[in-house]
Structure formats: C-alpha cells, structure tokens
Amino acid sequence: MSKVLHDKLNVYLANQQIMYIKLHNLHWYVKGRGFFTLHAKLEELYNQTAEIMDQVAERLLALGGSPVASAKNALSLASVKELEDAPISSDDTVRGMISDVEYWIRDTNEIVKLAEEDGDGATADMFNGYLAEYQKLLWMLKSHMA
Ligand SMILES: [Fe+2]
C-alpha cells in the first residue's frame with residue numbers, strides 16, 4: 001500500500017469516527033417536522049458508520065497499516081466539522097447532512113482512484129460499494145428537501 005493511500009484511508013477513518021458522534025448529536029437534538037423519520041434515519045446511519053469504521057480500520061490492518069484509534073488523533077486528522085450540543089431544526093439537519101454527504105462522495109471517489117493506481121482492486125471495490133450507498137443517501141436527502 002502506498003503511503004498516500006494509507007494516510008488517506010486514515011483521514012477517511014477519522015472522519016467516520018467523528019461522523020459517528022455527529023450523527024448521534026443530530027439523532028438526539030433534531031427538532032421539528034419530520035422528527036420521527038429523521039431520528040430513525042440517523043440511528044440507521046450511525047450504525048452503518050460504525051460498520052464502515054470497522055471495515056476501513058481492518059482493511060488498513062490487512063494491508064499492514066496502522067489505523068487511527070484514539071479520539072484525540074481522530075480529531076486532529078478529521079475534516080468533518082462537529083456541531084454544538086444544542087437543538088437543531090430538521091431542515092438545518094438535512095442541509096448539513098447534504099454537504100457532509102457531498103464531501104463523502106468526493107472523498108470516497110478519490111480513494112477508489114488511489115486504490116486503482118495502487119493496483120488494489122479489493123480496496124477499490126470496497127469503496128465503490130460505499131460510493132453507491134452515499135449517492136443513494138444524497139438522492140434521499142435532496143428528495144426530503146424538495
Ligand atoms: Fe437512540
């Protein structure tokens with residue numbers, strides 16, 4: 001595995017770790033119209049995030065890498081922005097998620113390309129799977145706002 005791919009996978013992992021906390025924040029603090037739907041969807045998403053975190057960390061290990069495994073290091077690597085511990089409207093929740101998911105799509109695409117350059121088809125396949133999930137989620141979030 002190239003150092004570029006190793007470091008990029010760790011930033012991805014750190015972002016998932018922060019996202020796991022952020023999705024709980026939204027699950028707890030979302031207010032207003034669509035509460036029940038969003039509250040349930042956010043739970044599904046943080047559970048999915050937990051699975052992705054574990055898969056990415058174990059992929060790094062399988063390739064001889066070292067996954068980021070502390071909150072301190074995850075925060076220093078992550079580019080996802082955290083939220084205040086405060087109520088947030090359902091519209092602001094979905095708008096914020098749209099911009100996070102757009103970032104995920106770009107970042108996931110970059111990893112697919114790096115893995116392909118590395119001749120690592122298994123990692124490229126894994127991230128292509130995440131890419132399809134994020135593209136579907138983006139369509140759903142935009143449909144919610146339409
Ligand atoms: Fe809950």
## Note on the structure
Cβ pairs under 7 Å, 6+ apart or interchain, first in the range 119-146 and free of Cβ contacts under 8 Å to residues at least 40 places away in the same chain and within 14 Å of Leu5 (Cβ to Cβ), second open to solvent by 70 Å² or more (accessible area, probe 1.4 Å) and part of a helix (DSSP H, G or I), ordered by first then second residue, are Ala124/Glu116
### Where a residue in the range 27-43 is farther than 11 Å from Ile88 by Cβ and open to solvent by 70 Å² or more (accessible area, probe 1.4 Å) and its partner, wherever it lies, is more than 8 Å from the ligand (Cβ to nearest atom) and in a helix (DSSP H, G or I), with Cβ under 7 Å and at least six apart
Arg33/Ser90
### Query
Has the range 49-57 got any residue that is more than 12 Å from the ligand (Cβ to nearest atom), open to solvent by 60 Å² or more (accessible area, probe 1.4 Å) and closer than 18 Å to Ala115 by Cβ?
yes
### Query
Exactly one of (1) in contact with a helix residue (DSSP H, G or I) (Cβ under 9 Å, 6 or more places away or on another chain); (2) open to solvent by 80 Å² or more (accessible area, probe 1.4 Å) is unmet by Gly96. Its number?
(2)
#### Entry: Elements of type helices (runs of 4 or more DSSP H) contained in the range 1-98, each with 2 or more residues being closer than 18 Å to Ser143 by Cβ
35-62
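The values are calculated or read from the model by the stated rules, or taken from the named source; none is laboratory data. Just so it is clear, the model here is predicted, and its values are computed rather than measured. Glycine also receives a Cβ, built like all others from the backbone with ideal geometry; neighbour counts cover every protein chain displayed. SASA here: full protein model, heavy atoms, side chains in, ligands and nucleic acids out. Shrake-Rupley method; radii C 1.70, N 1.55, O 1.52, S 1.80 Å.
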